[in-house]
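Here is the structure we will look at.
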Amino acid sequence: MTTLLIENPAGLNHVTPAGHPEQIARLQAVTRALAPLELLHREEAPMADESDLLLCHPQSHIDRIRAAIPGAETTTALDADTYVSAGSWEAALKGVGGCLRAVDAVLGEEVQNAFVATRPPGHHCETDRPMGFCLFGNIAIAAKHALQRHGLSRVAVVDFDVHHGNGTQDLLWSEANALFVSSHQMPLYPGTGAASERGGFNNVMNLPLGPGTDGGAMRNNYTSRVIPRLREFAPELILISAGFDAHRADPLANLMWETEDFVWLTRALCDVADEVCAGRVVSTLEGGYDLDALAEATTAHVTVLMERAG
C-alpha cells in the first residue's frame, strides 16, 4: 500500500490581501517541497457537492459564502481575518472534496494513508460562521462523511495546529462517535480550547500549552494523555489537522517545536493507527506561516506517512 497525495491547484486562486499571512505562497511552498517525493499516487482534489457541505453546515452558511464571492481582482472581507476572492469558492470546495476523496481512498483500501495539500484551511470555521481564514470545516466534514456514509462507528480527529480548532470542536461537539483532540497554545487566537471544554459526550480533549512550550513537553503530553485516550477510544480512522505553526520559526505564535517534533508526533499517531485501525490515517494541511518551516515540516510529515505506508 502507498500514500496518496491530493493537491489543490485551485487553492492558488484563493487570493488574500497583500501582507496577509494565509497567502498563495504557502501552497506554492508546500507544492514545491512535496514535488520531489516519490509518491506513486497523486491526484487533484475533486469538487465537493453542496450535499457534502450540508453534513456540517446549514444552507444559510453555504449561501452566505457563495454570495460573498466577488468579481475578478477584488477581495471581500468576511471578518477582520477571513477573505474571499473570485477563486475562493472553487478552492474551498476542492479543499473539502480532497478530504472526502482521501477518506474514500483510505477506507476503500486503495492506499494506506493520505495527505491533502490545500488552502484555505478549515479548522476555525464553525457551524454558521467563517473565521480564522477558514470557510468550511474541511476535517469535520470528512469525519461526518466517514461516519454517515461509510458506516464507521468511531472516528478520531487530532489537531496539532498551534491555534485551537474551535470550528472542528463546534462541528463535532454533539457527535458521540467522534473524538476531537486539540493541542494548541493558550492564550492565543481564537481564545477557546480550555481543558474544561469536553464536548457533549465527553468527546473533546483539549491540551492548552503555554507560550514557549517546547517539543519535549509536547511529547510528554501526547505520550501520557493523548495516546492512551486514542487507544481507549479505538477509532476506525484517524484524521489529522496538520498545522505546522507550532514550529519555533512561525511568526504568529510562540511554541518552540522543531521539525523533528512533527516527525515524532506523526510517527506516534501512526503507531496508534497501526494498533487500532489498520494504519488508516488521513491528514490535511491547516496552518503554518513561515514558508521555510512550513515546507520543511510538511515534507517531514508526509515522508513519515510514506514510510508507514510501506
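No value in this document is a laboratory result; all are computed from the given coordinates. No experiment lies behind these values; they were computed from the predicted model shown. Methodologically, a virtual Cβ is constructed for each residue, glycine included, from the backbone with ideal geometry; neighbour enumeration extends over all protein chains shown.
Among Glu260, Glu126, Glu232, the residue with the largest mean-square fluctuation in a Gaussian network model of the chain, with springs joining Cα atoms closer than 10 Å, is Glu232. Length available on full extension from Leu40 to Arg267: 0.36 nm per residue minus the Cα-Cα distance, which gives 79.6 nm.
At a 10 angstrom cut-off on C-beta neighbours, averaged per residue, how do the peptides 70-83, 203-216, 133-146 rank from highest to lowest? Can you show the working numbers first?
Working: 70-83: 13.8, 203-216: 17.6, 133-146: 27.9.
Highest to lowest by the protection proxy: 133-146, 203-216, 70-83.
The GNM of the chain, with springs linking C-alpha atoms under 10 angstrom apart, assigns the highest mean-square fluctuation among Gln23, Gln148, Gln169 to Gln148. A protection proxy built from the mean count of other Cβ atoms within 10 Å ranks the segments 292-305, 189-202, most packed first, as 292-305, 189-202. Each of Met47, Met218 was scored by other Cβ atoms within 10 Å of its Cβ. Arranged with the fewest first, they read Met47, Met218. Rounded to 0.05, the FRET efficiency of the Arg225 and Gln148 pair, given R0 = 30 Å and the Cβ-Cβ distance, is 0.55. The Cα center of the stretch 5-27 and the Cα center of the stretch 120-175 differ in position by 20 Å.
Our analysis of the chain gives Rg over Rh at 0.92, with the two radii drawn from alpha carbon positions and Rh computed by the Kirkwood formula.
Of the peptides 10-22, 27-39, the ranking by mean beta-carbon count within 10 Å, highest at the top, reads 10-22, 27-39. Take every Cα pair under 8 Å whose residues are at least 6 apart in sequence, average their separation, divide by the length of the chain, and the relative contact order is 20 percent. If I model a spin label at Ala234 and Met47 as a point 7 Å from the Cα along the Cα→Cβ vector, what separation in nanometres do I get? It works out to 4.2 nm between the two label points. Projecting the Cα atoms of Ile69, Trp257, Gly199 onto the dipole axis of the stretch 3-309, where Lys and Arg carry +1 and Asp and Glu carry -1 at the beta carbon, places Gly199 farthest toward the positive end. Each Lys and Arg adds +1 at its Cβ and each Asp and Glu adds -1 at its Cβ; summed about the Cα centre, the stretch 3-309 shows a dipole of about 400 debye.
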